[in-house]
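What follows is a short report on a single structure.
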Amino acid sequence: MAASCKQVGQFISKNNRALFTNLEWASFQRNFVGVSAFHQQAAEANKTDPTEPIIIPRKKEWSKESVLKALAMTVRSDPTAYPYQFQDDAYLSPRTSAEFKLYSLSQESGRSAAKYFINTYPKFFTKDFAEPHIPCLMPDTVTLRLDEMSEEALKERISLRKVKLAVDMYDQLLQAGLSVSMDTTHNLLDLICLYCDRDPVQEDAMQTEDAMEEPVGEARKRKGKFRRASDLLKLTWRENNNAERIFNLLPEKDTQCYSALIRGMVKHGAYAKAFSVYTDLLNNRMTGDIHIFNALIIAAPDVRDKYAERCELITTILNQMSQQKIQPNLHTFNSVLKALRRCGSVAKSVALQTVSEMTTLRIAPSLATFHHLLGIFYKSGTIRQGDADILQEIMSEVAGKSFTCQDPDDVQFFTSAMRVCLEFKDLELGYKVHSLVEVGENWRLLGDSYQRNIYYGRFFNLLCMMEHIDVVLKWFKELVPSLHYPNAQALTELLQALDTDSRLDMLPTIWKDIKSLGHDNKLDLIEELLNLMAREKHSPEVQESFATCALEIKKAFDTNRSKISLEWNTATLSHITSLLLRANMIQEAWKMLELFREKNRVPSGDLLEDFLSLCRSEGCAQKAVELVQLSAAFCLQATPRLAKMALAEFHLSEEQRTILCELETVPEPED
């Protein structure tokens, strides 16, 4: 035991000496390298200019969403997936456009209900687990905290958008002899004019009451066109409302007070009254602001009837801006172009001058600018080939650029641009428009779901007309259903594209897509599909797939539906029967022939001749006799000819021959 302990001690001592030796050598190397690096840095410092300042780099500040943004950049959209808003519940993934609308409205209704509860009972939603903090997920402050009569209480009611309560508090302050600051008065006028002297919470209820009221004569009416339902529900400016009353009570009125009143009048249809208030501003030797002129430009077409007078009024407003030394902005030029869209053909030259002026002032146009230009030069039904260069120049200007929303009409550009491409049948230009959508986050400017569906529908229509079918099918897989739910007309155009490129063998595959998209209840679409499949004969494999597809279509007719039911007609019955005959599905074909009798439909003579040829190939004389009897029951002119063919081509019994002889001598029905 003692010897063992001694050996262990010698082993540890030996290893310790080796360890210390290695540590000393490593320390020497590190010191040597450090000294060398120090001398090298000193030498380099001596070479540089000693007067050059030392720049310390700033600390990079990263936002709390930086990691999420970096991860999002690594993920691409999945064309086979449903829209992102429906991916939380796979069961509620919409397959059709009707389901998309239903689920979207249901989801929005759920959000509204949740928002109502969280704002009505905020005391039950006090904990905030979100990191970073998300204000929209927390209750809004909607209850009043200040009850005493003061300007602070008025500000609170204005911030909470309590229009009626704010007006009442303002009147109480005036009656008590208390003054209200001009800034608070400005905010109150802005609130009243924005919501047309109504509480925004009760806006829907007030619309129903006001819809029965006749406007003061200021509502926009276009000759020869029906008014939209939204125009009937639109709030109209009331005569001598609280905004006008408070404005008239002011001892001193500045430009901002006039601006709030004029913009409110223009927003709510009192166009002539807005120009009257502007005239009053000029009579008081005051100058307007940019917001006043932008509103008056929008209202100009509604106070003049003739196109030339409208352009003249717009020019007058712009000249007054120049005289008052007010610099126009992007919204000014967009307002001019928007107003020129209602000035007829005389607006084209003025529109080009407006764009040139924007370039001179170095104001970058937004997508709304180009949208209004397209509306001026490309009116539906009046497009000329000579005007095609306008959109080409626009696309050359915006190619590869990423845009942000600067104007409410920015979301209209892509839809109108694709409309022009479709009417010109310019596929190359359509690809340029779509490539711009894919730049950065320009896709956000496609608008709401309705506008997006219109855009992709027009793009797909253009592809079906001008592109090769393989490319069309490739786009179909990328767009449906993640971005677009095609309607029955779009699928009909797809069927026509298959017919143009002689790819009718893919019709059964398209029928599966038609079913999945919920359009298997559209009779016109089904008739188009059956007509293409039954128009001519194909290889046995294709005919077999056509027959299988025809049986599935028959099931769509036989299925009981709660809302929409398909009605059999002669064309659909004949097409399905022909397809079954060509695939040698005899039993199913005879069932379809019986269906003619059940639905009181008359088959064609050619179809019965096909049946007779089938009976001859099978040597079934009894079926041939029944076929001729069925033709006689339908009073077909082909009955004698069918009876003669059956007598000549079949081995018949005496009874069968007697029946056919009687049918052979049946006179043809008179027209």
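The values are calculated or read from the model by the stated rules, or taken from the named source; none is laboratory data. Source: prediction; values computed, not measured. Glycine gets a Cβ as well: all are built from the backbone with ideal geometry, and neighbour counts include every protein chain shown. The area values use the complete protein model at the heavy-atom level, side chains included, leaving out ligands, DNA and RNA. Shrake-Rupley method; radii C 1.70, N 1.55, O 1.52, S 1.80 Å.
Within the shell of other residues whose beta carbon sits under 15 angstrom from the beta carbon of ARG452, the net charge comes to -1, with Lys and Arg scored +1 and Asp and Glu -1.
The local environment of ALA583, defined by Cβ-Cβ distances under 13 Å, has a net charge of -2 under the rule Lys, Arg +1 and Asp, Glu -1. Expressed as a whole percent, the accessible surface of the stretch 76-200 that belongs to carbon and sulfur atoms is 56, based on a 1.4 Å probe.
Protein heavy-atom accessible surface, 1.4 Å probe, per residue over the stretch 245-399: 48 Å². Here the accessible area of the stretch 309-354 is 50 percent carbon and sulfur, with a 1.4 angstrom probe and all protein chains present. Taking the protein heavy atoms of the stretch 430-469 in the context of the full set of protein chains, the accessible area attributed to carbon and sulfur is 51 percent at 1.4 Å. Stretched out straight at 0.36 nm per residue, the stretch from CYS661 to LEU523 would grow longer than its current Cα-Cα span by 45.6 nm. Quick one: check the C-alpha center-to-center distance for the stretch 440-475 versus the stretch 575-596, whole angstrom. The distance from the Cα centre of the stretch 440-475 to that of the stretch 575-596 comes to 39 Å. Ligands, DNA and RNA are left out, and with a 1.4 angstrom probe the accessible area of the stretch 526-671 is 55 Å² per residue. Shape class of the stretch 472-538 from the Cα gyration tensor (axes a ≥ b ≥ c, square roots of the eigenvalues): oblate, since a/c reaches 1.5 or more and a/b does not exceed b/c. With each label modelled as a point 7 angstrom along the Cα→C-beta vector, the THR120-SER345 pair spans 6.0 nm. Restricted to Cα atoms, the stretch 505-614 shows a radius of gyration and a Dmax of 13.4, 41 angstrom.
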